[in-house]
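Undergrad: Before I ask anything, let me first share the structure, which is written out below as structure tokens.
The values are calculated or read from the model by the stated rules, or taken from the named source; none is laboratory data. From a predicted model like this one, the values you see are computed outputs, not experimental measurements. Note that each Cβ is placed from the backbone with ideal geometry, even for glycine, and that neighbours are counted across all protein chains shown. Only protein heavy atoms, including side chains, enter the accessible area calculation; ligands, DNA and RNA are left aside. Shrake-Rupley method; radii C 1.70, N 1.55, O 1.52, S 1.80 Å.
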Amino acid sequence: MSLKNRNIFPQIALRPEVEEYLHNVYTNEELLADLGKDEAERVFQSLLSCLSHPPSHTCLRASTHIHSLQDIQQRLEQHLTQQVSGCHGDSIPTPILHHPLLPDVLLLPVSGPRDVGVLKSEVIVGAQCGSAVLRGAHVFAPGVLSAPKFMRAGDAVSVFSDVEGKCTRGAKEFQGKKVFLGNGVCTMDRSDIFCAEGPIRGVAVRMVDALYQSPSFDGVLPNKLFLQNLPSVVVGHVLGPRPGERILDMCAAPGGKTTHIAALMRNKGRVVALEKIKSKVGKIIQNAQLLQLDCIKAYCYNSIQAVSSDPTQQCDTDVPPFQEESFDRILLDAPCSGLGQRPNMAINWSLKEVCSYSPLQRKLFTTAVHLLKKGGVLVYSTCTVTLAENEEQVAWALKTFPCLTLEPQEPHLGSPGMLGAALSHDQRQLLQRFRPELAWGGASDEPSPEKLLLKASTDTIGFFIAKFSKR
């Protein structure tokens, strides 16, 4: 696969002021002095390109607190074989890889971009739906924006993503900017998708020949596998939870990291999960029940207000607010601008919206420091690529809270922290920034297992992790 045919999608579309802001981040004075202008510019252009494409692997977190990895892999192999036997063409089962440093992870290489011909009949889907299709999902009815006037179940169609969000729901055709995702077979008539009673649920188009081919995992082995980005799994291991500890997940929805923490504790101890949006708390509880993790207690609560002002309150209560120094470990997977998420072909946020997260993150971080016991561990993470939400937050935290010390991370699969926040070399080495732009490039047609595993650890979403201890 050459570099030329890897860039089959346009670069991520951003508002001009947001693109200029990111450009300034990736060409800051420290970086220019280290890389030179041409190389810094190349890395930035690589970032814009890779963000619109999916990561090279699908990462599945195995429920090894319930089942053996061998049993889970065997069941997964059976499922993949059944998927292939139900498909047309010369498909072969997707190989399953183990990660040498993540004992609860199974990896499936994503095949693509593939040579797929465009059909005459077109279905247009929204950008969010399109991103899901690129990661192996079928097209669900609420994601369909446009379909041919006489489309019937059983029709073969080409699926396109509306990049700029300009397609009107219910349209019969669309001439705006769109990106081809692959071909599928309709499972619904047009009249069913756009019925007068409102949008219906269920699969509207079953993808059979996707540009990026990855198995569909909708409802597959639900108590054995959890679909999760690889850096998000790394976060749980970096936190290092131990059985019997009391741990807080401050921004917990939908519960992927919460359940991972509980699983690493072997369901012994207490994991308190806070989420301020009520509708999302149910998802945390649902995932905890599905994975048989009853050490999790989830509450609808704003974590900024999680420090109690009542000195008579018991320290070991599981109900917020909490006394200071109540938790052995705290995960702050902070709300962020999400600019590291992949694939993402367009982000329509203003610069004001992108920059609005840093003050919120600092308020949450301050609460976390107060709630952490002396000798405890605090892990801060985001899924964005800015300095202001990552390395600059670390610099601020170390200056604001002298009680905090940066700690080494295990495992350390990402790159060091990025230049530009006036952190020392040693401090940046203790940080972990997943930088897919550095892995973006050509690949051999038949990479070795070693190269596949390296790719799986580097060609990920953009992500950041910092680990602190409290003296």
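Undergrad: Which distance in nm do the two modelled labels at Gln289 and Arg15 give, with both placed 7 Å along the Cα-to-Cβ direction?
TA: About 4.1 nm, to one decimal.
Undergrad: Mind grabbing the accessible area of Ser68 for me, 1.4 Å probe, Å², rounded to tens?
TA: The accessible area of Ser68 comes to roughly 60 Å².
Undergrad: So, taking all protein chains as they sit and a 1.4 Å probe, how much accessible area belongs to Arg75, in Å² rounded to tens?
TA: Probe radius 1.4 Å; accessible area of Arg75 about 100 Å².
Undergrad: Any idea of the accessible area per residue across segment 226-470, 1.4 Å probe, to the nearest Å²?
TA: Counting only protein heavy atoms, the per-residue value for segment 226-470 is 39 Å².
Undergrad: Separate question: Let me have the relative contact order for the chain, percent, based on Cα pairs under 8 Å that are six or more residues apart.
TA: Averaging sequence separation for qualifying contacts and normalising by length gives 17 percent for the chain.
Undergrad: Calculate for the chain the 222 nm mean residue ellipticity that helices alone would give, adding -39,500 (n - 2.57) per DSSP H run of length 4 or more and normalising by residue count, nearest 500 deg cm²/dmol.
TA: Details: 16 runs with 146 residues, N = 471.
Helices in the chain give a 222 nm mean residue ellipticity of -9000 deg cm²/dmol.
Undergrad: While we're on this one: Rounded, prolate or oblate, given the Cα gyration tensor of segment 168-227, with a/c below 1.5 counting as rounded?
TA: Oblate, since a/c reaches 1.5 and b/c is not below a/b.
Undergrad: Still on this structure: May I ask for the Rg/Rh ratio of segment 226-470, computed from Cα atoms with Rh as the Kirkwood radius, given to two decimals?
TA: Radius of gyration relative to Kirkwood radius: 0.97.
Undergrad: For a test of the definition: using alpha carbon positions, the gyration tensor, and the 1.5 limit on a/c, classify segment 236-324 as rounded, prolate or oblate.
TA: oblate
Undergrad: May I have the extent of the alpha carbons of segment 67-224 along their three principal axes, as whole Å values ordered from largest to smallest?
TA: Result, largest extent first: 49, 34, 28 Å.
Undergrad: Note the full-extension length gain between Lys280 and Arg75 as 0.36 nm times their separation in residues minus their Cα-Cα distance, in nm to one decimal.
TA: On the way: separation 205, 0.36 × 205 = 73.80 nm, distance 2.99 nm.
Result: 70.8 nm gained on full extension.
Undergrad: Here is a follow-up. Rank these by accessible area, largest first, 1.4 Å probe: Trp349, Trp396.
TA: From most exposed to least exposed: Trp349, Trp396.
Undergrad: Report the extension gain between Lys149 and Lys172 in nm, rounded to one decimal, defined as 0.36 nm multiplied by the number of residues separating them, less their alpha carbon distance.
TA: Full extension from Lys149 to Lys172 adds 7.7 nm.
Undergrad: While we're here: Alpha carbon centre of segment 1-79 versus segment 115-171: separation in Å?
TA: Going from one Cα centre to the other spans 24 Å.
Undergrad: Quick one: helix 230-239 against the long Cα principal axis of the chain, what's the angle to the nearest 10°, folded into 0 to 90?
TA: Orientation of helix 230-239: about 10 degrees from the principal axis.
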